[in-house]
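A.B. asks: Quick one: the structure is below, and I'll ask about it shortly.
The values are calculated or read from the model by the stated rules, or taken from the named source; none is laboratory data. All of these numbers come straight from a predicted model, not from anything done at the bench. Cβ placement follows ideal geometry from the backbone for every residue including glycine, while neighbour counts extend to all protein chains displayed. The area values use the complete protein model at the heavy-atom level, side chains included, leaving out ligands, DNA and RNA. Shrake-Rupley method; radii C 1.70, N 1.55, O 1.52, S 1.80 Å.
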Amino acid sequence: MATYLSPCSSSSTSSTPSSFKNETRQFNKVITMLREAHSSSRWVSQIRLRTPARKHFQLKSSNGHPLNAVSFNDAGSPVGKEQTEPQGKVFPISDSENVESKLSITVVGASGDLAKKKIFPALFALYYEDCLPENFVVFGYARTEMTDEELRNVISTTLTCRIDQRENCEGKMDQFLKRCFYHAGQYNSEEHFAELDRKLKEKEAGSKSNRLFYLSIPPNIFVDVVRCASVKASSANGWTRVIVEKPFGRDSESSAQLTKCLKHYLTEDQIFRIDHYLGKELVENLSVLRFSNLVFEPVWSRNYIRNVQLIFSEDFGTEGRGGYFDKYGIIRDIMQNHLLQILALFAMETPVSLDAEDIRNEKVKVIRSMRPLLLEDVVVGQYKGHIKGSKSYPAYIDDPTVPKDSRTPTFAAAALFIDNARWDGVPFLMKAGKALHTKRAEIRVQFRHVPGNLYKRNFGTDLDKATNELVLRVQPDEAIYLKINNKVPGLGMRLDRSDLNLLYRSRYPAETPDAYERLLLDAIEGERRLFIRSDELDAAWALFTPLLKQLDEKKIVPELYPYGSRGPVGPHYLAAKHNVRWGDLGDDD
């Protein structure tokens with residue numbers, strides 16, 4: 001067999017074609033006969049076995065379908081584009097579709113903060129709610145030397161029974177920890193991944209094995225891990241999937257190179273590019289609000305909507321992450337992924353169905369329809385030191401891991417436009433920043449003024465106060481509220497602006513699951529709706545890369561703003577330029 005010298009591997013050793021790409025395909029008998037009759041190596045259809053859920057639950061994935069439903073669209077390829085099929089041997093087709101399987105989850109980078117604070121707690125929450133299959137194990141993999149018991153001690157401090165306080169909490173925690181194991185190894189060592197494979201096989205005990213790898217590691221070692229796992233630790237008789245954390249490159253070129261390298265070892269339908277904001281409850285509810293309520297869909301266009309604002313703010317700075325953040329900045333860290341993904345979900349046309357590919361097709365159309373970003377429609381800022389009372393707040397460049405002459409923006413605002421029939425001329429304003437006065441993430445939809453408003457005299461000259469506004473607050477305190485005008489009780493005619501408010505904590509007292517729980521469950525079930533497809537990623541970088549290059553080439557100096565303030569002044573001029581007033585400036589917000 002010929003060897004492959006991959007430009008995508010940082011290792012000097014050559015590697016054989018990916019065994020990830022030899023992942024088992026479950027065909028029905030008719031398709032098998034067709035394939036044999038035509039002697040073709042191309043797949044005409046595929047059916048995946050889903051991990052069996054506990055029998056007394058009817059679990060549902062994020063598209064609302066039962067988890068034991070069979071997915072007939074698992075290719076993950078763009079519409080109209082030919083998918084490159086995996087090469088290599090095809091595993092024998094099983095005679096039974098009810099073979100007992102075991103799920104093995106490997107958290108690569110298990111000693112890191114993300115794994116300890118988010119991934120292991122999310123896995124425990126799924127186990128606590130009986131959302132994981134009966135037969136599963138969790139392995140941590142990292143360079144740090146650690147025993148199984150030491151790993152259990154580390155992650156036990158972050159596990160909580162936060163969903164409720166049932167008496168069996170401690171018992172469930174102990175049971176979960178007994179399923180957690182650890183293997184120390186280098187990220188670029190095929191030998192160490194082969195040792196991991198042997199441990200996984202011991203736990204799987206000859207069962208049909210499905211393996212999920214969560215890459216909670218820096219992007220510069222993604223490819224090394226995927227290469228080693230593909231050659232030495234992929235499943236021989238079930239599916240293998242890989243969850244990849246952002247950032248997915250720094251620009252179009254680096255992102256395309258990363259995708260090319262990953263696809264050297266993986267097929268598109270094995271790659272789950274995670275954006276945890278897509279798993280948040282209010283983002284999930286966005287399409288429900290729009291497509292299942294007659295009152296909203298008819299007004300969801302340029303005819304009634306004046307502008308849309310996507311606002312993200314954090315009330316803390318980089319705080320120890322300055323070295324990492326300085327390589328990317330707020331545009332790459334927040335706007336190009338989180339906010340753009342929310343915008344695409346907000347603005348997309350009605351999909352054919354709730355199938356993952358139908359939804360992602362519509363999102364891609366929106367992003368590709370967006371007007372190129374102009375430098376004059378963007379404002380960048382950077383927080384400076386500030387003294388408030390007796391407390392002193394550091395500047396971004398005070399971080400010892402950040403260069404003193406850094407021009408990396410910690411704040412950015414932009415005006416974007418979608419050149420299609422539905423949204424022509426409607427400004428979509430984004431702003432995102434660190435070290436601001438509050439923590440918030442929200443979507444604000446400002447509607448047009450009422451034509452010939454009979455009550456405009458009651459509002460004076462500020463017609464903005466007379467317009468309706470729909471607000472979806474993603475965090476904190478999830479809520480949906482609509483600002484309306486009404487009469488104040490009394491003998492006179494005095495108008496007031498009030499909220500029709502759905503506050504989640506009042507309407508739904510049960511605690512909302514964390515976004516990572518939803519996304520992990522979807523990855524296990526093969527539901528891709530909330531994960532980013534490669535052509536989505538290409539379109540997103542195509543939009544932002546020219547702007548990022550201009551900021552670098554022209555050495556644009558960010559506007560300074562005090563730590564804990566509302567940000568720089570520039571965004572207000574940007575909004576005024578497009579006849580918009582930021583909605584988060586009101587006294588009631």
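A.B. asks: Only one of PHE544, PHE531 is modelled with pLDDT under 95, under 19 Å from the mean Cα position of the chain (by Cα) and of a type in the set (Phe, Trp, Tyr). Can you tell me which?
C.D. replies: Criteria check complete, one pass: PHE531.
A.B. asks: Could you check the range 224-244 and list, in sequence order, the residues that are open to solvent by less than 20 Å² (accessible area, probe 1.4 Å) and either closer than 25 Å to LYS549 by Cα or assigned to a helix (DSSP H, G or I) (or both)? Give the derivation first.
C.D. replies: Quick first cut of the range 224-244, residues open to solvent by less than 20 Å² (accessible area, probe 1.4 Å) only: 224-230, 233-235, 238-244.
If the condition is that a residue be open to solvent by less than 20 Å² (accessible area, probe 1.4 Å) and either closer than 25 Å to LYS549 by Cα or assigned to a helix (DSSP H, G or I) (or both), then ASP224, VAL225, VAL226, ARG227, CYS228, ALA229, SER230 are the ones that fit.
A.B. asks: Exactly one of (1) in contact (Cβ under 8 Å) with a residue 12 or more places away in the chain; (2) open to solvent by 20 Å² or more (accessible area, probe 1.4 Å) is unmet by ALA125. Its number?
C.D. replies: The failed condition is (2).
A.B. asks: Could you say which residue among ALA435, ALA441, ALA415 is touching a Pro at 6+ places or on another chain (Cβ under 8 Å) and open to solvent by less than 10 Å² (accessible area, probe 1.4 Å)?
C.D. replies: On the way: ALA435 fails: touching a Pro at 6+ places or on another chain (Cβ under 8 Å); ALA441 fails: touching a Pro at 6+ places or on another chain (Cβ under 8 Å).
Result of the check over ALA435, ALA441, ALA415: ALA415.
A.B. asks: Right, another one. Considering the range 277-302 alone, what residues qualify as being touching a strand residue (DSSP E or B) at 6+ places or on another chain (Cβ under 9 Å) and part of a helix (DSSP H, G or I)?
C.D. replies: Initially, the range 277-302 is screened for residues touching a strand residue (DSSP E or B) at 6+ places or on another chain (Cβ under 9 Å), giving 277-278, 280-283, 285-286, 289, 296, 299-300.
Of everything in the range 277-302, those that are touching a strand residue (DSSP E or B) at 6+ places or on another chain (Cβ under 9 Å) and part of a helix (DSSP H, G or I) turn out to be TYR277, LEU278, GLU281, LEU282, VAL283, ASN285, LEU286, LEU289, VAL299.
A.B. asks: Here is a follow-up. Could you check how many residues of the range 159-190 are in a loop (DSSP other than H, G, I, E, B) and modelled with pLDDT of 85 or more? Explain how you work it out, then say what you get.
C.D. replies: First, the residues of the range 159-190 that are in a loop (DSSP other than H, G, I, E, B): 159-168, 179, 185-189.
Cutting the leftovers down to modelled with pLDDT of 85 or more gives us 179, 185-189.
Matching residues across the range 159-190 total 6.
A.B. asks: So, one more: Can you pull out every residue in the range 510-537 that is of a type in the set (Val, Ile, Thr) and closer than 13 Å to ALA356 by Cα?
C.D. replies: Pass one, the range 510-537, residues of a type in the set (Val, Ile, Thr): 512, 524, 532.
Once the filter is applied, which keeps residues that are of a type in the set (Val, Ile, Thr) and closer than 13 Å to ALA356 by Cα, the range 510-537 yields only ILE532.
A.B. asks: Which one is least open to solvent (accessible area, probe 1.4 Å), of the residues in the range 284-302 that are small (Gly, Ala, Ser) and touching a residue at least 40 places away in the same chain (Cβ under 8 Å)? Explain how you work it out, then say what you get.
C.D. replies: Step one: of the range 284-302, the residues small (Gly, Ala, Ser) are 287, 292, 301.
Cutting the leftovers down to touching a residue at least 40 places away in the same chain (Cβ under 8 Å) gives us 287, 301.
Working: SER287: 30, SER301: 15 Å².
Only one residue fits best here, namely SER301.
A.B. asks: Which of (1) open to solvent by 10 Å² or more (accessible area, probe 1.4 Å); (2) more than 21 Å from GLU245 (Cα to Cα) does ILE221 not meet, given it meets every other one?
C.D. replies: Unmet for ILE221, out of (1) open to solvent by 10 Å² or more (accessible area, probe 1.4 Å); (2) more than 21 Å from GLU245 (Cα to Cα): (2).
A.B. asks: Of GLY425, GLY385, which residue is more than 16 Å from ILE556 (Cβ to Cβ), more than 26 Å from the chain's Cα centre (by Cα), touching a residue at least 12 places away in the same chain (Cβ under 8 Å) and exposed (fewer than 12 other Cβ atoms within 10 Å of the Cβ)?
C.D. replies: Details: GLY385 fails: exposed (fewer than 12 other Cβ atoms within 10 Å of the Cβ).
Just one listed residue meets the conditions, GLY425.
A.B. asks: Ok, one more. Among the numbered conditions (1) under 23 Å from the mean Cα position of the chain (by Cα); (2) over 30 Å from SER101 (Cβ atoms); (3) polar (S, T, N, Q), tell me where ASN579 comes up short.
C.D. replies: With respect to (1) under 23 Å from the mean Cα position of the chain (by Cα); (2) over 30 Å from SER101 (Cβ atoms); (3) polar (S, T, N, Q), ASN579 is out only on (1).
A.B. asks: Here is a follow-up. So if I check each of PHE139, PHE120, which one is buried (at least 18 other Cβ atoms within 10 Å of the Cβ) and under 19 Å from the mean Cα position of the chain (by Cα)?
C.D. replies: Details: PHE139 fails: under 19 Å from the mean Cα position of the chain (by Cα).
Going through PHE139, PHE120 in turn, just one is buried (at least 18 other Cβ atoms within 10 Å of the Cβ) and under 19 Å from the mean Cα position of the chain (by Cα): PHE120.
A.B. asks: In the range 496-511, what count of residues is obtained for those that are open to solvent by less than 40 Å² (accessible area, probe 1.4 Å) and modelled with pLDDT under 80? Show your work before the answer.
C.D. replies: Quick first cut of the range 496-511, residues open to solvent by less than 40 Å² (accessible area, probe 1.4 Å) only: 498, 503-504.
Now drop any that are not modelled with pLDDT under 80, which leaves 498, 504.
Number satisfying all stated conditions: 2.
A.B. asks: Next question, about the same structure. Does any residue of the range 512-526 turn out to be in a helix (DSSP H, G or I), closer than 20 Å to ALA412 by Cβ and open to solvent by less than 20 Å² (accessible area, probe 1.4 Å)?
C.D. replies: To start, the set of residues in the range 512-526 that are in a helix (DSSP H, G or I) comprises 515-525.
Checking which are closer than 20 Å to ALA412 by Cβ leaves us with none.
Checked the range 512-526: no residue is in a helix (DSSP H, G or I), closer than 20 Å to ALA412 by Cβ and open to solvent by less than 20 Å² (accessible area, probe 1.4 Å).
A.B. asks: I've got another one for you. Is it the case that SER207 is modelled with pLDDT of 90 or more and hydroxyl-bearing (Ser, Thr, Tyr)?
C.D. replies: Values: modelled with pLDDT of 90 or more: no; hydroxyl-bearing (Ser, Thr, Tyr): yes.
Taking the combined requirement at face value, the residue does not satisfy it.
A.B. asks: Then there's this: Provide a single number: the residues in the range 303-361 that are under 20 Å from GLN475 (Cα atoms), open to solvent by 20 Å² or more (accessible area, probe 1.4 Å) and part of a loop (DSSP other than H, G, I, E, B).
C.D. replies: Within the range 303-361, residues that are under 20 Å from GLN475 (Cα atoms), open to solvent by 20 Å² or more (accessible area, probe 1.4 Å) and part of a loop (DSSP other than H, G, I, E, B) number 3.
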